Amino acid sequence: MYPEIMVIPMREELTRAGIKEARTAEEVDAAIAQPGTTMVVVNSICGCAAGKMRPGVRLALQNTALPDQSITVFAGQDREATERARSYFEGQPPTSPAIAILRDGKLVYLMQRFVIESNTAQAIAQELARAFNEYCAKTPA
């Protein structure tokens, strides 16, 4: 684990964008238990999180369709919360960073590290916006 002072700016980059931090397993469970769609961002101290994932997520949040709620866990820092979040990713290998969308607690979308590493922040934002439009758009009543 890194000293907390080092990761504060990395945490704040997402919380300033309106993503709620989940630092315990109970907070993860409570968020995912909410009806609708939940984006779960597995944050990381790595360079691809800093230069690609976090900026891509922030850009994607400008999209019209958005998840009902968004939470973030920090891999390597908040281990219990990260492990619990990953337990919802239905047999997928653990990677960090990663971005998931769950609908009513079930995984419907997962962007893993290998995708994040091989794309720009803009490409990540475009792909997330596409996923938001597919999985999070509200249908007219």
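List of remarks:
- Of everything in segment 105-140 that is touching a Pro at 6+ places or on another chain (Cβ under 6 Å) and closer than 21 Å to residue 64 by Cα, the residue that is surrounded by the most Cβ atoms within 10 Å (Cβ to Cβ) is 136.
- The single condition among (1) farther than 20 Å from residue 131 by Cα; (2) in contact (Cβ under 8 Å) with a residue 40 or more places away in the chain; (3) of a type outside the set (D, E, K, R) that residue 30 does not meet is (2).
- Check on residue 56, touching a residue at least 24 places away in the same chain (Cβ under 8 Å), within 14 Å of the chain's Cα centre (by Cα) and closer than 13 Å to residue 124 by Cα: yes
- Filtered residues of segment 56-94 (kept if among the charged types (D, E, K, R) and over 14 Å from residue 110 (Cα atoms)): 58, 68, 78, 79, 80, 83, 84
- Residue-level check: of (1) among the small types (Gly, Ala, Ser); (2) within 14 Å of residue 14 (Cβ to Cβ); (3) surrounded by fewer than 21 Cβ atoms within 10 Å (Cβ to Cβ); (4) without any contact (Cβ under 8 Å) to a residue 40 or more places away in the chain, residue 87 misses just (2).
- Condition broken by residue 77, with the remaining ones in (1) in contact with a Leu (Cβ under 9 Å, 6 or more places away or on another chain); (2) under 15 Å from residue 22 (Cβ atoms) satisfied: (1)
- Residue list for segment 107-131, restricted to those being of a type in the set (Lys, Arg) and touching a residue at least 12 places away in the same chain (Cβ under 8 Å): 113
- Residues in segment 12-33 that are in contact with a strand residue (DSSP E or B) (Cβ under 6 Å, 6 or more places away or on another chain) and not acidic (Asp, Glu): 7 in all.
- Scan segment 82-133 for residues that are under 23 Å from residue 24 (Cα atoms), of a type outside the set (Gly, Ala, Ser) and not in a strand (DSSP E or B) and the total you get is 15.
- Residue satisfying condition, being assigned to a loop (DSSP other than H, G, I, E, B) and basic (Lys, Arg), within set 23, 11: 23
- Within segment 26-56, being in a loop (DSSP other than H, G, I, E, B) and either hydrophobic (A, V, I, L, M, F, W, C) or surrounded by fewer than 17 Cβ atoms within 10 Å (Cβ to Cβ) (or both) holds for 33, 34, 35, 36, 45, 46.
Only the coordinates and a few stated rules stand behind these numbers; no lab work does. Since this is a predicted model, take the numbers as computed values, not measurements. Because the Cβ atoms are built from the backbone with ideal geometry, glycine has one as well, and the counts that use them run over all protein chains shown.
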